[in-house]
Structure formats: structure tokens, C-alpha cells
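Notes follow once the structure below has been shown.
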Amino acid sequence: MKTQYEPEDRTPDPGLNAIMSERRQLINLAYRLLGSLADAEDVVQETYTRWYAMSPQQQRAIEAPGGWLTRVASRICLDQLGSARARRERYVGEWIPEPLPGSPEWAGGRPEARTADPADRVTLDESVTMAFLIVLDSMTPAERVAFVLHDVFRYSFAEVAEIVGRTPAACRQLASSARRRVRASRAPATPAARSADVVRDFKQAWDAKDIEALIGLLDPGVTAIADGGGLVSAALHPVEGSEEVARYLVGLTDRAPGLAVVERTVNGQPGLVLQLGGVTAAVMSFGVSGDRITNIWAVRNPEKLRLWTSR
């Protein structure tokens, strides 16, 4: 009598490699939709759970397994985005997307194109910069899904409609509305090397506690936002204005002796990591326009820094 543990009962699944090869695409999609790699990984796990809950006959009946996985993952994300608004109302302070680490340092004055883990899971391009994710977060769930699927991943509006549950024409309008939000928020492009120079100058001025130099590097209307999630101390409201932000930053180092500021690539852009005793305390992303910093996003919530703890 055979048992389930005997080798002859373990029939190879010829489609397994093809199914699992979709994982990176699904992680890329879910991270852009949710702004959290942890949530994206949960979505992908649930998607595969639903696939393997089907019988082999049901699986073989699906002509395009990759498309099926994308539809399921997108619908799970859409549901999560709907409930996320209620969760945000209970969130303590400001909410910032989970930052992704890149190369340990900048090469030649600019962030390296090749990055460390999790680059094998998330492709770092313009659609994953912190500034872009912040704009995505301002959209309605349907706008975000329609825009990301069509404009970033190039799905047709007919395919998007099947996922969102609206007509292709309605999805076209959703993506158009989202596109206007992106255009309205987008500052003139600053070359990567110049952005790296500005952030490095900012780091040096901060290390020196040079308030005047900091003010000169900050746009007069700069906004600094910190996300502590109620788990660690962080400003509960944005700090605005070049002088106010400069003095806040210098005061921060005065309150945290031994704070080390390290250059790192964050979401594919020049960023900084704050360390205390070798432990990551915060990850900072920047919006740069011309020669000045317009936005500072500092993630302090330890639940969003799990990828940075050993770096």
C-alpha cells in the first residue's frame, strides 16, 4: 500500500516554476499599491494560497495563470486599500510608506543602479520613489489601482476594468484623474548626481550643526514629516519652513548624543539613515528641486524598519 510520503506519489508540477516566477512581478505590483513591503508579501502569500486551493483541473482550465495571479493580487490590494483608510484614522501621527534599502553607499556621488536586497523583489525606478508613493497614497483606492496597473504595469483598461469592477471608460477616467494628481505634485526633474550632492551637503551641514548652511539648502517652503506610528517619539505634525526645520534637526542631534548619519540609497534615491549605537533609528528620504530640499520624510516606526536593522 502506498502512503502519501512515498516518492511515486509526489508527481512533479510542470507549471510550478512558471507560477512561482510571477512572484517578483506580484511583489512589485503590491508594494506600489500598498506602500508596504510587509503587506505586499502577505498579499502575494494569500494569492498563492488561493491558487493552490484550486484543484489541478481548475488550475489547468486557466489559460493565463500569470494574469489570474495579477487579478487576484490586485483585488486583494483593492480591498486592503479600502480598509486602510479606517486604519489610518487610528494611526498615531503621520503615515509614510515603508522605505526600501538600496546600496550601502553612493558611488561616484550618486546612488548605485544596482542595489542590495530587496532589489531582487522590488524594481527601484521612478514609480517607487518616496515622493511618488506619497502621491499614490493621496488617491482613492480605485484611482490608485487603475493608475498603477495601466500607467506603470501597462495593463489595458479592459483588463483593469475586470479587476476594479468598473467599465473600461470609467477606469480610463480614474487613471486620468490620478495622472493629474501626479503632474500637479511633480517638481522639475533634478539630475540624480545633483540630488546626491544636495543631500550630501545637507548631511555635512547637519553634522556641523550649521543652521545657516542648513537654511540655505532647504527650500523656504520645505516640509518635514516624521512617522513614529505611536511606537517611538516623533513629531506628530509636519514641521514647515526652512528655519523651523533647520532648528528642529539641530535640536534633534542635541537630544540624541552619538547620533550617526549615514548615506544610503532609499527607494532608489539619495537618502540618509540615522543610527544610535549602531542601531537604525530612522530612515530619511528627500524631495529635491534644483539646489534645494523641498521635502523630508523620516520613518521612525520600527515596524517599517525591519529591512534596515542589520545594515
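The values are calculated or read from the model by the stated rules, or taken from the named source; none is laboratory data. Keep in mind that what you see is a predicted model, and the values were worked out from it rather than measured. All Cβ positions, even for glycine, are placed from backbone atoms using ideal geometry, and neighbour counts span all protein chains on display. Note: accessible area is taken over every heavy atom of the protein model, side chains too, but ligands, DNA and RNA are not part of it. Shrake-Rupley method; radii C 1.70, N 1.55, O 1.52, S 1.80 Å.
Of note:
- Global form of region 196-311, assessed from the alpha-carbon gyration tensor, a/c cut-off 1.5: rounded
- Using alpha-carbon coordinates, inclination of helix 242-255 to the longest axis of the chain, degrees: 90
- Taking 0.36 nm per residue of separation and subtracting the Cα-Cα distance, full extension of the segment from residue 201 to residue 279 would add 25.7 nm.
- Between 0 and 90°, nearest 10: helix 192-207 axis offset from the chain longest Cα axis: 50
- Between residue 173 and residue 90, the distance separating the two model label sites (each 7 Å from Cα on the Cα→Cβ line) works out to 3.4 nm.
- FRET efficiency, 1/(1 + (r/R0)^6) with R0 22 Å, evaluated for residue 45 and residue 306 via beta carbons: 0.85
- Remark: the residue 189-residue 233 segment gains 12.5 nm on full extension, using 0.36 nm per residue and subtracting the alpha carbon distance.
- Between 0 and 90°, nearest 10: helix 37-52 axis offset from the chain longest Cα axis: 0
- Region 239-311 and region 138-201 have Cα centres spaced 26 Å apart.
- Taking the chain and dividing mean pair separation by its residue count, relative contact order in percent (alpha carbons under 8 Å, at least six apart): 19
- From the coordinates shown, Kirkwood radius over Cα pairs in Å corresponds to which of (1) 19.2; (2) 19.7; (3) 21.1: (3)
- 18 Å reach of a label modelled at residue 21, 7 Å along Cα-to-Cβ, counting backbone N of region 39-67: 60, 62-67
- Within the chain, percent of DSSP bridges classed antiparallel, to nearest 5: 80
- Solvent exposure of region 160-286, expressed per residue, is 47 Å² of accessible area, with all protein chains present and a 1.4 angstrom probe.
- Per-residue ellipticity at 222 nm, computed for the chain from helices alone with -39500 (n - 2.57) per DSSP H run of at least four residues, works out to -14000 deg cm²/dmol.
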